[in-house]
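Here is the structure we will look at, set down as structure tokens.
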Amino acid sequence: MKNQKELTVTIRSLEEKLVAPATRHSIVQLDKLLTDDFIEFGRSGKIFDKQTVVERIGKEETARMTLADFKIVILAPDALLATYCATKIEDDGQKAILYEAPSAERPEINGGCFSIRVH
């Protein structure tokens, strides 16, 4: 397993891909990024599976987002918790904080790459 600094870079990269407009509107990219047993706990408290998330994200309006205060905590050899604050940047440059998100990751066997399992 990578050290915590390397893991932070890797996991942040995955989360940034997830919020990138090009990824959010590509079923192929989302399919690669999310595990088949992916689940998301929404701000509303609702729970979504991969299929629902892929369908929902594809219908969203494109927006640029940034991540701040990104941290990870290693929970077990095959699990970690990532936390961050996501900010949406409007076309006029205005910023709106969307959420402070916890995201649990676990290494998946996808050519040695990480995939997002819980968000």
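The values are calculated or read from the model by the stated rules, or taken from the named source; none is laboratory data. Computed from a predicted model, the values in this text were never measured in an experiment. Please note: Cβ atoms are built from the backbone with ideal geometry, for glycine as well, and neighbour counts cover all protein chains shown.
For the range 10-26, the set of residues classified as in a helix (DSSP H, G or I) and more than 13 Å from the chain's Cα centre (by Cα) consists of 22 only. Quick check, is residue 46 within 14 Å of the chain's Cα centre (by Cα), farther than 19 Å from residue 85 by Cα, surrounded by fewer than 17 Cβ atoms within 10 Å (Cβ to Cβ) and not acidic (Asp, Glu)? The answer is no for residue 46. Applying a threshold of 8 Å to beta carbon distances and a minimum spacing of six or more residues, or different chains, the list of pairs starting in the range 30-48 at a residue that is among the hydroxyl-bearing types (Ser, Thr, Tyr) and ending at one that is surrounded by 14 or more Cβ atoms within 10 Å (Cβ to Cβ) reads 35/50; 35/108; 35/115; 35/116; 35/117. Within the range 23-62, the residues that satisfy the criterion of being in contact with a helix residue (DSSP H, G or I) (Cβ under 7 Å, 6 or more places away or on another chain) and under 22 Å from residue 90 (Cβ atoms) are 23, 24, 25, 57, 58, 60, 62.
Of the residues 89, 72, the single one that is in contact with a Ser or Thr (Cβ under 7 Å, 6 or more places away or on another chain) and modelled with pLDDT of 85 or more is 72. If you check 50, 17, 2, 46 for being touching a strand residue (DSSP E or B) at 6+ places or on another chain (Cβ under 8 Å) and under 27 Å from residue 76 (Cβ atoms), only one passes: 50. One residue alone among 59, 17, 2 is free of Cβ contacts under 8 Å to residues at least 60 places away in the same chain and in contact with a Leu (Cβ under 7 Å, 6 or more places away or on another chain), and that residue is 17.
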